[in-house]
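What follows is one structure encoded as structure tokens, with my remarks underneath.
The values are calculated or read from the model by the stated rules, or taken from the named source; none is laboratory data. Every value quoted in this text rests on a predicted model; they were computed, and no experiment measured them. With ideal geometry, Cβ positions are generated from the backbone for all residues, glycine too; neighbour counts draw on all protein chains shown. With ligands, DNA and RNA removed, areas are computed over all heavy atoms of the protein, side chains included. Shrake-Rupley method; radii C 1.70, N 1.55, O 1.52, S 1.80 Å.
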Amino acid sequence: MANNKFPLQFRSPVAPLIKRLIQEKQAVGYKYQVGALALERLDRFLAKEGLAQCELPRELALKWLAKRPHESAANHGYRGHTLRRLAIFMVKQGYAAHVPDPYLMAKGGGSSFSPRILTHAEVRRLLDVVDHFKPSGHSPLRHLVMPEVFRLLYGCGLRVGEVLHLKVGDVDFGRGVLTLRETKFGKDRQVPPAVSLVQRLQKFDQELGRRPANAYFFPNLRGGHWAISSVYGIYRKLLTRSGISHAGRGKGPRVHDLRHTFAVHSLLRWYRQGADLDAKLPVLATYMGHLSVVGTQHYLHLTAELFPEITTRSQAHFGDVIPRRVVS
């Protein structure tokens, strides 16, 4: 299903509909891995409760919606939205299903996280620290790998998984292009880094020696790809050594905030160069792998909030995209 290496198992009477729901999500371009895992847990619950036929009774729905001890509001809300999504899908297919009211979902279950945009000075400190990383017994290559990984995260706004899954054959030094395969929306895309970054990657590749095209460009000790959790652990160390405070688990700065920082800094740079932001927004959307400019417009809000100098001009082009903030 969502992961060919670890196929999901669905055993309840609702399993056929769950599989159809996942297939429909994937058919329109979503990988839907997290959603599929949430549905697998829901399916496991229904099977354990002894559901006998393809339906979603009210009592089981409410039992699933009950908040667990020490469960975060975000996780509780996500479980609730998973159930509601399945229930609505079942009703559309003509099956009996209890659709819970939205107000039953825990507050905070939505995507209300505000990314932490690093300043240019903070980025410089971060990269300076990672450039002085030392190899360790269990990570003899980290002093070579991590400076380039973090430069790609910030310099190209790539997702962490996109960087870690790069293969040697995906890096074309002749054209100065990276090919990112099977990205978030199941699409391949090509990204041209800055010339200086391409030169750094070429030097890194030469230091590691001749490798097959299907080898990971940034290998770990065993030749596989680095785990995202390992990169996040290193990122926390970089923040501490750079004097950048961290607000705690789930509050950032997160590794993914480097992608947001790239987008905001790009818009700011174009603004200061006098570029037409209206024309640049689709370019940024394509570069970052968004399905449309809708997923990129949020960065206009962030840029306008962080750099008031841009507000007047951006309002002229995007009056409906960057509304004035109303403080209640």
If you check every pair at least six apart or on different chains, which have Cβ atoms under 8 Å apart with a residue in region 290-316 that is farther than 16 Å from residue 274 by Cβ first and a residue that is at pLDDT 75 or above and of a type in the set (Ser, Thr, Tyr) second? 290/296
Residues to consider are 236, 269; find the one that is under 30 Å from residue 141 (Cβ atoms), open to solvent by 20 Å² or more (accessible area, probe 1.4 Å), at pLDDT 80 or above and among the basic types (Lys, Arg). 236
For region 133-163, which positions are farther than 20 Å from residue 296 by Cβ, at pLDDT below 95 and either open to solvent by less than 30 Å² (accessible area, probe 1.4 Å) or small (Gly, Ala, Ser) (or both)? 133, 136, 137, 139
Of the conditions (1) modelled with pLDDT of 90 or more; (2) out of contact with any strand residue (DSSP E or B) (no Cβ under 7 Å at 6 or more places or on another chain), the single one that residue 251 does not satisfy is (1)
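Against the definition (exposed (fewer than 13 other Cβ atoms within 10 Å of the Cβ) and under 30 Å from residue 181 (Cα atoms)), how does residue 24 come out, yes or no?
Working: exposed (fewer than 13 other Cβ atoms within 10 Å of the Cβ): yes; under 30 Å from residue 181 (Cα atoms): yes.
Spelling it out, residue 24 is indeed exposed (fewer than 13 other Cβ atoms within 10 Å of the Cβ) and under 30 Å from residue 181 (Cα atoms).
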Tell me whether region 41-58 contains one or more residues that are assigned to a helix (DSSP H, G or I), closer than 30 Å to residue 289 by Cα and open to solvent by 70 Å² or more (accessible area, probe 1.4 Å). yes
Region 272-282, subset open to solvent by 10 Å² or more (accessible area, probe 1.4 Å) and touching a Phe, Trp or Tyr at 6+ places or on another chain (Cβ under 9 Å), residue nearest to residue 130 (Cα to Cα): 280
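Is it true that residue 113 is surrounded by fewer than 17 Cβ atoms within 10 Å (Cβ to Cβ) and modelled with pLDDT under 90? Walk me through how you get there before you give the answer.
Working: surrounded by fewer than 17 Cβ atoms within 10 Å (Cβ to Cβ): yes; modelled with pLDDT under 90: yes.
So residue 113 passes the test.
Wholly within region 221-294, which helices (runs of 4 or more DSSP H) include no fewer than the required count, namely at least 3 residues that are more than 24 Å from residue 177 (Cβ to Cβ) and among the hydroxyl-bearing types (Ser, Thr, Tyr)? Let's see the steps before the verdict.
Values: elements: 228-242, 257-272, 277-288.
Filter on region 221-294 gives 228-242.
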Looking only at region 258-266, decide whether some residue is touching a Phe, Trp or Tyr at 6+ places or on another chain (Cβ under 9 Å), more than 17 Å from residue 192 (Cα to Cα) and open to solvent by 60 Å² or more (accessible area, probe 1.4 Å). no
I need a count of the residues in region 209-223 that are in contact with a Phe, Trp or Tyr (Cβ under 7 Å, 6 or more places away or on another chain) and among the polar types (S, T, N, Q). 1
Those residues that are at pLDDT 90 or above and not aromatic (Phe, Trp, Tyr), I need them from region 24-48; list them, please. 36, 37, 38, 39, 40, 41, 42, 43, 44, 46, 47, 48
Filter region 67-104 for residues that are open to solvent by 50 Å² or more (accessible area, probe 1.4 Å), of a type in the set (Gly, Ala, Ser) and on the phi < 0 side of the Ramachandran plot and give the result. 72, 74, 96
